[in-house]
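The values are calculated or read from the model by the stated rules, or taken from the named source; none is laboratory data. Given the structure is predicted, the values throughout are model-derived calculations rather than measurements. Here the Cβ positions follow ideal geometry from the backbone for every residue, glycine too, while neighbour counts run over all protein chains shown. The protein model used for the area step is the full one, side chains on, heavy atoms only, and it has no ligands, DNA or RNA in it. Shrake-Rupley method; radii C 1.70, N 1.55, O 1.52, S 1.80 Å.
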Amino acid sequence: MQSAAEIRLSLREGRLSLQRDYTRHAQPSRLLRAHTRLVDEHLRAAWHLLAMPPHLALVAVGGYGRGELYPKSDIDLTILLDAEPDAAMQQRLQELVGLLWDIGLEVGHSTRTVAQCVAEAADITVRTNLLEARLIAGASPLFEGMRKALAQCMDRRAFFLAKQKELELRHSRFLEAGSNLEPNLKESPGGLRDLHAVLWISRAAGLGNSWRELAATGVITAQEALAIARHQSLLQNLRIRLHFLAGRREDRLLFDYQAVMAEQMHIEAAWAGEAKGARRASEHLMKRFYRTRQAVLLLNTVLLQNLRVRLFPEAGAVHPLNTRFVIRDNLLEARDEMLFEREPPAILECFLLLEQHPHLAGFTAPTLRALWRARRKMGAAFRGDARNRALFAEILRQPQGITHALRRMNQLGILGRYLPAFGRIVGQMQYDLFHAYTVDEHILTVVRNLRRFSIAEHAHEHPLCSKLVRDFARPEMLYIAGLFHDIAKGRGGDHSLLGKADAARFCKQHGLTREDTELVVWLVEHHLTLSATAQKQDLSDQDVIAAFSAKVMNDRYLVALYLLTVADICGTSPKVWNAWKAKLLEDLFWAARGYLTSGKIADQVGDIRARAQEILNLHAVGPEAHEMLWAQLDTEYFLRHEPDEIAWHTRLLARRANSAAPVVKVRLSRIGDGLQVMVYCPDQPNLFARICAFFARLHYNIVEAKVHTTQHGYALDSFMVMGAGSGEMPYRDVMNFIEYELAQKLASQEALPAPQSGRISRQLKHFPIAPEVRIGSDGKGRFTMSVVAGDRPGLLARIAYVLARHHINLRSAKINTLGARAEDTFLMDGATLAQPNAVALLREELLRQIA
């Protein structure tokens, strides 16, 4: 008999041998079975080493009981007792569990009698675990008694409904987690757990324990059984490799492992489309995963519907819909499974019918199968058929159900067959670290957002968008633009220009008017223009507004671009949209609309001063109180600040215009998120850099800075700060802290501290963003600078530090963070930069600091 040390050594060597073998054969089912057998053997050895009583049973449950033991998974065990354990037995059980951990087995265990197993099985998780129970060692009669007792109390229908509900909740949880680019191979929608759920239900119903058995009982076809086995094998392969690479139980396909895994699987970087731009090997790996996930979701739907029919055989009501379709149990069904083969236009017709009958929950399993098979009929002839083009256009014109129709078409592979350009981006990752979805999912989310603007119950989310879309004629033009705005991603080159050509072709083929075609094509080409202008340029500059308005041309184009831009930004990630971005886009929208209406910038200095005075009057502040302060403020100050902000500054500084001590005041932002910070003091060297360093140490994010110097030498700077309310300290205390501490820092005029080195995020380590610095004259004696870099704590402070070292006077800064990507824009005085080599030296040092 082996000792504990010998068992431990044998187990370790056996596992290492399995890992070496896997690098040669890479057969997931073979490894999982072998690992299960290996652990079985060593569990029996430990059981016999302690001479456990023969009236007990050691039972494998869960994935281990199923015979699918992954390299680093916990080993789920139930120790089956014939009676409640006394103190001596409890001691023996503790010794057993301790020994199992000592020999290197990470066990999750429970000790129960048969009666306790039956009672605990009221919990669906426990019942599922025990469903796959398998005897390892000990009393076989006791184990069989447990199985019979559990079978007798099994309610097949209740189990089905519980597992279906569990699946829906799990899908909802993982979709909301923003985990699409680092998916959980086990739990996420389309993962291994979806396949397990089907087998659990079929096992409980006595219909089969494997895909082959399900095919034999007619639940699925032989072809579907092969497809499921193939997709399951890929998911198992990825999860096995992930465990080996991580050296622990890790089910998330993290960025850290994607490239290495692609190399292990001999997936090479390939040429990306027509432009032949190299595409990452990991991108091809993930595309393979996403397409597998999509297929698993579809097959899972078919299987669950078939199982429901077996478990709930009562014939539901059947109502004729037309000569080709009927309604069965609230699902749409083709009268003849060969309908789509015989009449291909019926493929698109069935999606139109779902839109027109919103009470329908989807398709029956036979119709889903028929659609899946018929997608191969959708070739060039299908796309060129006028009937099909009219049907697709009608799908986009429906008042409801568009998003569900497009998502179902994508899941079945039909959308990609009808729009080949869309088919190429299905499952394609976006390695920009701010898109949380694949390209196809992002596009469909943008279309959903556009539709959502028109639904009254969601009007509170984007009030301006909801108001604008109500008066927008032919909103399907927006949906078409949404479908094509990113459709050329991954081809190489400018995706806006490539997508523009695709959109023009689609519009021509589908008979859109010249007016509508020009709008759609223009939107696709310029879908980034509004966000780039709002987030990177000085909106107080009349020339910026005039140039943007000239590009937009008219109000319909402006409204359409604004709606598409909001939908696009909200569709990148749940974390990207915020109140600050909303304000920037709205400010540009209203400024451009005013310019298009009157031919000039609406808010001139006189208007701004008058509106600021109106606000001051409400606070009982008369003109005589602010004349001294306003006399020191030039035209640029009034153009770059809003009336409400000017009134706030004035109320605070009217009697302190010549204060020697720094004045720092903070208020809650009027946009509903973040803080506005005002700093007023005699101008001093490196002031902007000191303020940035202060906020960097607090881990607060500056998203906008307006730097102004009065005519009598005072700095009047305004900052929009985010992240200050994310901690446990109440806002009021945060505001008081900033006002006191920052004022003290500025009063001391201590030496400018060197910038701290911010920690680079895990994502940036694996997908670094090459830093870019562009500096150029704006033609008005000033210089603009754009900086692109991987975001990290203290990035702005590092940039400010370099500007201070080069004696650069900053006029304004816009800080735009997209996920892990920072795109910051600065407006600077030109005096220093006009010197020979000044621009080159500044750019060189900035690149060193932000690299």
The correct count of residues that are modelled with pLDDT of 85 or more and either on the phi > 0 side of the Ramachandran plot or outside any strand (DSSP E or B) (or both) in the stretch 700-728 is 7
Whichever residue in the stretch 795-808 is open to solvent by 20 Å² or more (accessible area, probe 1.4 Å) and touching a residue at least 60 places away in the same chain (Cβ under 8 Å) and, among such residues, is nearest to Cys692 (Cα to Cα): Leu796
Would you mind finding the one in Gly427, Gly423 that is at positive phi and either surrounded by fewer than 20 Cβ atoms within 10 Å (Cβ to Cβ) or in a loop (DSSP other than H, G, I, E, B) (or both)? Gly427
Cβ pairs under 6 Å, 6+ apart or interchain, first in the stretch 301-318 and open to solvent by 30 Å² or more (accessible area, probe 1.4 Å), second aliphatic (A, V, I, L, M) and outside any strand (DSSP E or B), ordered by first then second residue, are Gln305/Ala365
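Restricting to the stretch 524-533, name every residue that is in a helix (DSSP H, G or I), over 25 Å from Leu639 (Cβ atoms) and open to solvent by less than 30 Å² (accessible area, probe 1.4 Å). Can you show your working first?
Going through the stretch 524-533, the residues in a helix (DSSP H, G or I) turn out to be 524-525, 529-533.
Next, from what is left, pick out any that are over 25 Å from Leu639 (Cβ atoms): 524-525.
Listed by number, the list holds a single entry, Val524.
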Taking Val703 and the conditions (1) open to solvent by less than 30 Å² (accessible area, probe 1.4 Å); (2) farther than 30 Å from Thr635 by Cβ, which numbered condition does it fall short on, given that it satisfies the others? (2)
Between a residue in the stretch 551-572 that is over 15 Å from Phe472 (Cα atoms) and any residue that is charged (D, E, K, R), which pairs come within a Cβ distance under 7 Å, given they are 6 or more apart or on different chains? Ile569/Lys581
Looking at (1) crowded, with 20+ Cβ neighbours inside 10 Å; (2) within 34 Å of the chain's Cα centre (by Cα); (3) at pLDDT 95 or above, can you tell me which one Ala346 breaks? (2)
For the stretch 534-548, does any single residue satisfy the condition of being farther than 12 Å from Ala592 by Cβ, polar (S, T, N, Q), in contact with a strand residue (DSSP E or B) (Cβ under 6 Å, 6 or more places away or on another chain) and buried (at least 16 other Cβ atoms within 10 Å of the Cβ)? yes
Under the condition of being within 22 Å of the chain's Cα centre (by Cα) and of a type outside the set (A, V, I, L, M, F, W, C), which residue from the stretch 390-412 is most open to solvent (accessible area, probe 1.4 Å)? His404
Quick one: is Arg387 in a helix (DSSP H, G or I), open to solvent by 10 Å² or more (accessible area, probe 1.4 Å), in contact (Cβ under 8 Å) with a residue 12 or more places away in the chain and out of contact with any helix residue (DSSP H, G or I) (no Cβ under 8 Å at 6 or more places or on another chain)? yes
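Hey, among His435, His458, which residue is over 21 Å from Leu396 (Cβ atoms), at pLDDT below 95 and under 22 Å from the mean Cα position of the chain (by Cα)? So that I can check it myself, show each step before the final result.
Numbers: His458 fails: over 21 Å from Leu396 (Cβ atoms).
After ruling out the rest, the residue left standing is His435.
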If the Cβ limit is 9 Å and pairs must be 6+ apart or interchain, which residue in the stretch 355-384 that is farther than 19 Å from Glu341 by Cβ and in contact (Cβ under 8 Å) with a residue 40 or more places away in the chain pairs with which residue that is open to solvent by 40 Å² or more (accessible area, probe 1.4 Å) and not polar (S, T, N, Q)? Glu355/Glu394; Glu355/Pro399; Glu355/His404; Pro358/His404; Gly362/His404; Gly362/Arg408
Any pair with Cβ under 6 angstrom, 6 or more apart, that starts in the stretch 207-232 at a residue that is assigned to a loop (DSSP other than H, G, I, E, B) and ends at one that is open to solvent by 40 Å² or more (accessible area, probe 1.4 Å): Leu207/Thr217; Gly208/Thr217; Asn209/Arg203
Mind listing whichever residues of the stretch 750-794 are among the small types (Gly, Ala, Ser) and open to solvent by less than 50 Å² (accessible area, probe 1.4 Å)? Gly758, Ser761, Gly776, Ser786, Ala789, Gly790, Gly794
Checking Lys575 against (1) outside any loop (DSSP other than H, G, I, E, B); (2) open to solvent by 40 Å² or more (accessible area, probe 1.4 Å), which single condition isn't satisfied? (1)
Going by the conditions given, is Ser172 touching a residue at least 12 places away in the same chain (Cβ under 8 Å) and either of a type in the set (Phe, Trp, Tyr) or part of a helix (DSSP H, G or I) (or both)? no
Filtering the stretch 1-42 down to residues that are under 43 Å from the mean Cα position of the chain (by Cα), more than 19 Å from Gln264 (Cα to Cα) and without any contact (Cβ under 8 Å) to a residue 40 or more places away in the chain yields Glu13, Gly14, Arg33, Ala34, His35, Thr36, Arg37, Leu38
Those residues that are touching a Pro at 6+ places or on another chain (Cβ under 6 Å) and of a type in the set (Gly, Ala, Ser), I need them from the stretch 812-851; list them, please. Ala851
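Per-residue answers, yes or no, for (1) under 21 Å from Pro730 (Cα atoms); (2) touching a helix residue (DSSP H, G or I) at 6+ places or on another chain (Cβ under 6 Å):
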{"site": "Ile691", "(1), (2)": "no, no"}
{"site": "Phe695", "(1), (2)": "yes, no"}
{"site": "Leu698", "(1), (2)": "yes, no"}
{"site": "Ala705", "(1), (2)": "no, no"}
{"site": "His708", "(1), (2)": "no, yes"}
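For Leu69, indicate whether it is out of contact with any strand residue (DSSP E or B) (no Cβ under 9 Å at 6 or more places or on another chain), open to solvent by less than 50 Å² (accessible area, probe 1.4 Å) and not small (Gly, Ala, Ser). It would help to see each step written out before you state the result.
Values: out of contact with any strand residue (DSSP E or B) (no Cβ under 9 Å at 6 or more places or on another chain): no; open to solvent by less than 50 Å² (accessible area, probe 1.4 Å): yes; not small (Gly, Ala, Ser): yes.
Criteria not met by Leu69.
Residue by residue, here is whether (1) in contact with a Leu (Cβ under 9 Å, 6 or more places away or on another chain); (2) over 29 Å from Met722 (Cα atoms); (3) crowded, with 21+ Cβ neighbours inside 10 Å holds:
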position: Asp555; (1), (2), (3): yes, yes, no
position: Ala560; (1), (2), (3): yes, yes, yes
position: Glu586; (1), (2), (3): yes, no, no
position: Gly594; (1), (2), (3): no, yes, no
Reported set for the stretch 72-105 where residues are open to solvent by less than 10 Å² (accessible area, probe 1.4 Å) and of a type in the set (A, V, I, L, M, F, W, C) is Ile75, Leu77, Ile79, Leu80, Leu81, Leu96, Leu100, Ile103, Leu105
Would a scan of the stretch 203-210 turn up a residue that is crowded, with 21+ Cβ neighbours inside 10 Å and small (Gly, Ala, Ser)? yes
